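The structure under discussion appears below in the form of structure tokens.
No lab work stands behind these numbers, since they all come straight from the coordinates. These numbers were taken from a predicted model, which means no experiment stands behind them. Here the Cβ is made from the backbone with ideal geometry for all residues, glycine too, and neighbour counts use every protein chain on show.
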Amino acid sequence: MVAGEIPAGRYVRLACERFLSDLALAEAGEGPWEFRPDLAEAAMLFAGLLPNIKGPEAGRPLRLMPWQRFVFANLFGFVERGTATRRFRQGVVFVPRGNGKTTLAGPIALYLTFVDGEGGAEGYAAAVTRNQACILFDVAQQMVRRSAGLRDHFAVHSDAIRAIMRQACNNTAQETAAKTRHLNIWVGADEALFSTRAWQAARDPALTLEARA
């Protein structure tokens, strides 16, 4: 990719160059970050326990594509030196429709919500519309329900969640309360936010402890 042997856009090449540069510094013991391949592999191994939901691979274990593994390595591999505190708090991935965004976001959201070790962690799916957000939720739900080893541990209550959403649509006060009731947002998976402007608009600076009072 960096050598130009694989066609890629400018920002993709820059991301790869940055990754290789940061990896070299980390392995040399320089800078505040180190690279923990075991942490990246743990997240990817979890993703491999989940099944594909759609397409010709439906029902088979998820096999991450190289670009998806690159995202996992970036998000989970780099940590503050001497700790397991992740370097990156946000990741923005732009890929065309039908290229595996939801298949990537679903496992990441499930891993961070249920496996990452954060007490009371909450994962949210956001999109331009509620129906679009439900696409990600439904995929993650089906991944769990079709995994015998996971569905015994995780309860998925889609009907209850949709009932809350309907109430919020019909009652502005309830929608406002829902924004401030849950503050331990450990992961937010934003689906189909087609521009950085839309992505920035989805961030609500009012989600603070003070706003809850």
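Can you give the FRET efficiency to the nearest 0.05 for SER21 and ALA42, using r as the Cβ-Cβ distance and R₀ = 35 Å?
Between SER21 and ALA42 the formula returns 0.90.
Arranged from highest to lowest average of other beta-carbon atoms within 10 Å per residue, in what order do the peptides 85-94, 1-10, 64-73 appear?
Going from most to least packed, we get 64-73, 85-94, 1-10.
When ASP38, ASP22 are ordered from fewest to most other Cβ atoms inside 10 Å of their Cβ, what list results?
ASP38, ASP22
Show the residues, 5+ positions off or on another chain, whose built amide H is closer than 5 Å to the amide H of LEU50.
Excluding prolines and chain starts, which carry no amide H, the hits are LEU62.
For a quick check: sort LEU14, LEU23, LEU62 by the number of other beta carbons within 10 angstrom, fewest at the front.
LEU14, LEU23, LEU62
By counting other Cβ atoms within 10 Å of each Cβ, how are TYR11, TYR124, TYR111 ranked from fewest to most?
Listing TYR11, TYR124, TYR111 from fewest to most nearby Cβ atoms yields TYR11, TYR124, TYR111.
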